[in-house]
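> One structure, pasted below without further comment.
The values are calculated or read from the model by the stated rules, or taken from the named source; none is laboratory data. Just so it is clear, the structure is predicted and the values come from calculations on it, not from any experiment. Cβ: placed from backbone, ideal geometry, glycine included. Neighbour counts: every protein chain shown. The protein model used for the area step is the full one, side chains on, heavy atoms only, and it has no ligands, DNA or RNA in it. Shrake-Rupley method; radii C 1.70, N 1.55, O 1.52, S 1.80 Å.
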Amino acid sequence: MKTFAIAALAAVLALPLAARAEDYTIIAPAAPGGGWDQTARSMQAALQTEGISRSIQVVNVPGAAGTVGLAQFVSQNKGDPKALIVGGYVMVGGIITNKSPVTLADVTPIARLTGEYEAIVVPKDSPVKTVQDLVAALKKDPGGVTWAGGSAGGTDHIAVGLVAKAAGVDPTEINYIAYSGGGEALAAVLSGQVTAGISSYGEFEAQVKAGALRVLAVSSEARIDGVDAPTLKESGLDVVVQNWRMVAAAPGLSAEQKAAVAADIEKLAKSKTWQDTLKTKGWIDTYLAGDAFDKQLAADIGTTQQILKDIGLAE
């Protein structure tokens, strides 16, 4: 029996590492606590709970709207089928505005996982009561309306540019103040340092429910359940923006390796643990994979390039 056990162990050890590896490492290209970090750690929990993967490590590599982590991921993980990175719409803008030499063309996109819609908020005592009030002020003095949001060129900044454009205001004249963290932007709005704040609704939800902030509008196609606010389209601005998040694999994978990763992510996306997480986090299930995701990603990159040119952040 002892001889058999030793022989079996030797046989396992003789297998190629890739054939028996069951662990994933997920790069979250942002500091702990943000949306990408939460996505990566939610994936970690679901993959392990559902038994899809034995063990998952999350590594934070923050900087430059995700492009620092993206560059490290590409340079260190070529051909590794167990390396993943989360990203999203903010990264698309970051790549363009930072003129990053490494782009999403250098990774293996797997799937879009979740989405959140933008919300425009003001302090409860603000004289700005509606989107129409905000647009009127914007038309009168574009630079006099200050906006607090996330990184320059990110989803928040793009949304403000689209609002200005839809309102007939030159997007290059908007006064957008980029904050490195959601907490800083929230503080600026609550203290009245800015006219309005813009971010994913979840960033403001607690303060909205507490009555400290009012939502003027959301950037969804239709009203969001549980949010007492019109859409931008209802308010006369033809703007729909979704801050989506995705997962990608390393460059240089074989077709078989890519298919195996995609199968694991599909299991994750359809699992009870993941679906429960979406409800808890207030995330929208926007799962899209394969050729359909590749086409959507290409379209979003093109649209983003244009709006960033319009607001003066891209050539």
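> Residue check: is Lys209 more than 21 Å from the chain's Cα centre (by Cα), among the basic types (Lys, Arg) and open to solvent by 60 Å² or more (accessible area, probe 1.4 Å)?
Criteria met by Lys209.
> Turning to a different aspect of this structure: Kindly indicate which of Val121, Val90, Val86, Val160 is of a type in the set (A, V, I, L, M) and open to solvent by 20 Å² or more (accessible area, probe 1.4 Å).
Criteria check complete, one pass: Val90.
> Right, next: Return yes or no: is Leu134 assigned to a helix (DSSP H, G or I), at pLDDT 95 or above and either exposed (fewer than 14 other Cβ atoms within 10 Å of the Cβ) or not β-branched (Val, Ile, Thr) (or both)?
So Leu134 fits the description; yes.
> Turning to a different aspect of this structure: Which residue out of Val194, Val240, Val215, Val227 is in contact with an Asp or Glu (Cβ under 8 Å, 6 or more places away or on another chain), part of a loop (DSSP other than H, G, I, E, B) and on the phi < 0 side of the Ramachandran plot?
So the residue among Val194, Val240, Val215, Val227 that is in contact with an Asp or Glu (Cβ under 8 Å, 6 or more places away or on another chain), part of a loop (DSSP other than H, G, I, E, B) and on the phi < 0 side of the Ramachandran plot is Val240.
> While we're on this one: Can you name the residue in the stretch 137-153 that is in contact with a Ser or Thr (Cβ under 8 Å, 6 or more places away or on another chain) and part of a strand (DSSP E or B) and, of all such residues, is surrounded by the most Cβ atoms within 10 Å (Cβ to Cβ)?
Among them, the one singled out is Gly149.
> Could you count how many residues in the stretch 97-118 are over 22 Å from Ile265 (Cβ atoms) and open to solvent by 30 Å² or more (accessible area, probe 1.4 Å)?
Counting residues in the stretch 97-118 that are over 22 Å from Ile265 (Cβ atoms) and open to solvent by 30 Å² or more (accessible area, probe 1.4 Å) gives 5.
> Tell me which of these Leu288 doesn't satisfy, since it passes every other one: (1) in contact with a Gly (Cβ under 9 Å, 6 or more places away or on another chain); (2) in the same structural domain as Asn77 (by the TED database).
(1)
> Please verify whether the stretch 180-188 includes one or more residues that are farther than 24 Å from Tyr89 by Cα and of a type in the set (Asp, Glu).
no
> Of the conditions (1) touching a helix residue (DSSP H, G or I) at 6+ places or on another chain (Cβ under 8 Å); (2) of a type outside the set (A, V, I, L, M); (3) surrounded by fewer than 16 Cβ atoms within 10 Å (Cβ to Cβ), Asn243 satisfies every one except a single condition; which number is it?
Tallying (1) touching a helix residue (DSSP H, G or I) at 6+ places or on another chain (Cβ under 8 Å); (2) of a type outside the set (A, V, I, L, M); (3) surrounded by fewer than 16 Cβ atoms within 10 Å (Cβ to Cβ), Asn243 fails exactly one: (3).
> Something else: Polar (S, T, N, Q), in a strand (DSSP E or B) and under 18 Å from the mean Cα position of the chain (by Cα): is that true of Thr280 in this structure?
Here the answer is no, as Thr280 does not meet what is asked.
> Which one is least open to solvent (accessible area, probe 1.4 Å) among residues in the stretch 266-311 that are of a type in the set (S, T, N, Q) and free of Cβ contacts under 8 Å to residues at least 40 places away in the same chain?
Gln275
> Among the residues of the stretch 56-81, what is the count of those that are open to solvent by less than 50 Å² (accessible area, probe 1.4 Å) and outside any helix (DSSP H, G or I)?
9
> Check the stretch 174-181 and report whether any residue there is in contact with a strand residue (DSSP E or B) (Cβ under 9 Å, 6 or more places away or on another chain) and either in a helix (DSSP H, G or I) or among the basic types (Lys, Arg) (or both).
The answer is no; no qualifying residue exists.
> Moving on to the next point. Condition first: open to solvent by 50 Å² or more (accessible area, probe 1.4 Å) and modelled with pLDDT of 95 or more. Now tell me which residues in the stretch 175-190 satisfy that.
Hits for the stretch 175-190 are Asn175, Ile177, Leu190.
> Just for the stretch 29-39: of the residues that are at negative phi and out of contact with any Leu (no Cβ under 8 Å at 6 or more places or on another chain), which one is most open to solvent (accessible area, probe 1.4 Å)?
By that ranking, first place goes to Pro32.
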